[in-house]
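So the structure is just underneath, and the comments pick up after that.
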Amino acid sequence: MGKRVLIVDDSATLRSYVAAALGEAGFEVEFAANGYEGLEKAAQTPFDLFLVDVNMPKMPGYEFVRHLRAETATAATPVVILSTEAEEQDRLEGYRAGANVYLVKPVTPERLRWLAKMLVGVR
C-alpha cells in the first residue's frame, strides 16, 4: 500500500494535475475542495502528507493548516502549501501556520514527486 496524500484545493484542474504526478510515484491520493472538507477527511482516516492551497472558499489554507497542527493525530503530518501567492509575507504566514514547505505554483510533476517522497520517507 502506498503513502496516502490529501490534496486540499478548490481547483479541480490542480487536484487532477497533482494526483497524476503523485499517482505515478505510487501515492494514494484523495481530495478535498475546501478546508472544512479536508478536516472532515483528516478526522476520518490518517494521511501521510497534506498538499494545501491558500486561497479557498469557506476556509483559507493557512487556517486549515493551523487546525491540523492543533490536533494530536495530524500535528506532525507533513504539510506542503501550493499557492500562487509568492510574496515573502505569504510564505512567512504559511510557515507560521505550520507548513513544512511553501511552493509557488506552477510546480513541475518531478519536483512534486521528489518533495512528497522526501517528506514521507520514501526512496
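Please compute the contact order of segment 4-120 in relative form: average sequence separation of alpha-carbon pairs under 8 Å and at least six residues apart, divided by the residue count, as a percent.
Worked out over segment 4-120, it gives 26 percent.
For segment 46-88 and segment 15-30, what is the centre-to-centre distance using only Cα atoms, to the nearest Å?
Segment 46-88 and segment 15-30 have Cα centres separated by 18 Å.
Residues with amide H under 5 Å of residue 59's amide H, sequence separation 5 or more or different chain, H placed in the peptide plane at 1.01 Å from N; which?
Counting only residues 5 or more places away or on other chains, the set is 35, 36.
Only Lys, Arg, Asp and Glu count, each charged at its Cβ (+1, +1, -1, -1), so figure out the dipole size of segment 4-120 about its Cα centre, rounded to 20 debye. Could the numbers behind the result be given before it?
Values: 12 positive and 17 negative charges, 48 e Å.
Approximately 240 debye in magnitude.
Which ³J(HN,Hα) values, rounded to whole Hz and listed in residue order, are derived for segment 90-103 from phi using the Karplus coefficients 6.51, -1.76 and 1.60 in 6.51 cos²θ - 1.76 cosθ + 1.60 with θ = phi - 60°, glycine and proline given as x?
Coupling constants for segment 90-103: 5, 4, 4, 4, x, 5, 4, 5, x, 5, 7, 9, 10, 10 Hz.
For segment 2-8, in order, what is each residue's ³J(HN,Hα) by Karplus, 6.51 cos²θ - 1.76 cosθ + 1.60 with θ = phi - 60°, in whole Hz (x at glycine and Pro)?
x, 5, 9, 10, 10, 9, 10
Residue by residue through segment 55-71, which ³J(HN,Hα) values in whole Hz follow from phi under the Karplus form 6.51 cos²θ - 1.76 cosθ + 1.60 (θ = phi - 60°), with glycine and proline marked x?
With coefficients 6.51, -1.76 and 1.60, one gets 8, 9, x, 6, 8, x, x, 4, 5, 4, 5, 4, 5, 4, 5, 7, 9 Hz.
Could you pull out every residue, at least 5 positions away or on a different chain, whose amide H is within less than 5 Å of the one on residue 7? Hs are placed 1.01 Å off N in the peptide plane, and Pro or chain starts have none.
Distant-sequence amide H within range of residue 7: 30, 31, 32, 51.
Straight distance only, please: which aspartates and glutamates reach the Cα of residue 105 with their own Cα at less than 19 Å, same-chain residues fewer than 8 apart left out?
The qualifying aspartates and glutamates are 9, 10, 53, 85, 87, 88, 90, 93.
Run the reach check for residue 117 against aspartates and glutamates, Cα to Cα strictly under 16 Å, same-chain hits fewer than 8 apart removed. What comes back?
24, 28, 48
Computed from the coordinates by the stated procedures, all read-outs in this text should not be read as laboratory data. What you see is a predicted model, and the numbers here were worked out from it, not measured in a lab. Cβ coordinates were reconstructed from backbone atoms using ideal geometry, including for glycine residues, and neighbour counts include every protein chain displayed.
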